[in-house]
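One structure is given here, and the rest of the page talks about it.
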Amino acid sequence: MSIEHKREENACAKCKKLNTEVGPITHYTDPHDGYEGLLCSECIKRREKPYTEICPKCKKLAYKHGGMSFYGESPENFEDMCVECVMKKEEKESKRKARKLRIKNFVKDHWNVWLIATIGILSLIIALLSLIIAQSKP
Ligand SMILES: [Zn+2]
Ligand SMILES: [Zn+2]
């Protein structure tokens, strides 16, 4: 056995680190995509991570529901969840936005109605006030 071959046996196929650095290297077969190779425990963990991640929102295995993703408009308020939850949230959000837009448009489209109503109420108050003032005069 050449030294070169021995090195290979003791090194992780992924990160190329030796077992003296990263601990025991094991022959690993990925049950999900059939990958086979000599991997260190760190690389195995990294490979399995996407399959063991649980969606914090629906508490299901994320990879079975499109994988892990996130939802949010800026990195500060990104919310981790599976793709399915993102889609559900987006659908809900778009409905909410559409409803908001409808209300906004309603106000915009009927601004003259609101204006007339406001003027009407104001003139009513003025009329009432002048009536009260007129009555309080001796
Ligand atoms: Zn490795
Ligand atoms: Zn989910």
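Worth pointing out:
- Yes/no for GLU76 being part of a helix (DSSP H, G or I), among the acidic types (Asp, Glu), at pLDDT below 90 and out of contact with any Phe, Trp or Tyr (no Cβ under 8 Å at 6 or more places or on another chain): yes
- Any hit, the range 84-93, residues being among the aliphatic types (A, V, I, L, M) and either within 16 Å of ligand 2 (Cβ to nearest atom) or touching a Pro at 6+ places or on another chain (Cβ under 6 Å) (or both): yes
- Every residue from the range 49-73 that is at pLDDT 90 or above and of a type in the set (D, E, K, R): GLU53, LYS57, LYS59, LYS60, LYS64
- Count of residues meeting criterion [in contact (Cβ under 8 Å) with a residue 12 or more places away in the chain and within 30 Å of LYS88 (Cβ to Cβ)] in the range 28-42: 2
- Checked against (1) within 16 Å of ligand 2 (Cβ to nearest atom); (2) exposed (fewer than 11 other Cβ atoms within 10 Å of the Cβ), GLY72 passes all but condition (2).
- THR52 of a type in the set (Val, Ile, Thr), under 28 Å from the mean Cα position of the chain (by Cα) and over 30 Å from SER94 (Cα atoms): yes
- Restricting the first member to the range 43-61 and to residues that are within 13 Å of ligand 1 (Cβ to nearest atom), and the second to residues that are of a type in the set (A, V, I, L, M) and in a helix (DSSP H, G or I), the beta-carbon pairs closer than 9 Å and six or more apart or on different chains are CYS43/VAL22.
- Test: ARG99 is surrounded by 10 or more Cβ atoms within 10 Å (Cβ to Cβ), within 16 Å of ligand 1 (Cβ to nearest atom) and either at pLDDT 90 or above or within 30 Å of CYS12 (Cα to Cα) (or both): no
- Residues that are in a loop (DSSP other than H, G, I, E, B) and touching a helix residue (DSSP H, G or I) at 6+ places or on another chain (Cβ under 9 Å) within the range 34-55 comprise TYR35, GLU53, CYS55, listed in sequence order.
The values are calculated or read from the model by the stated rules, or taken from the named source; none is laboratory data. No experiment lies behind these values; they were computed from the predicted model shown. Virtual Cβ from ideal backbone geometry, glycine too; neighbours counted across all protein chains shown.
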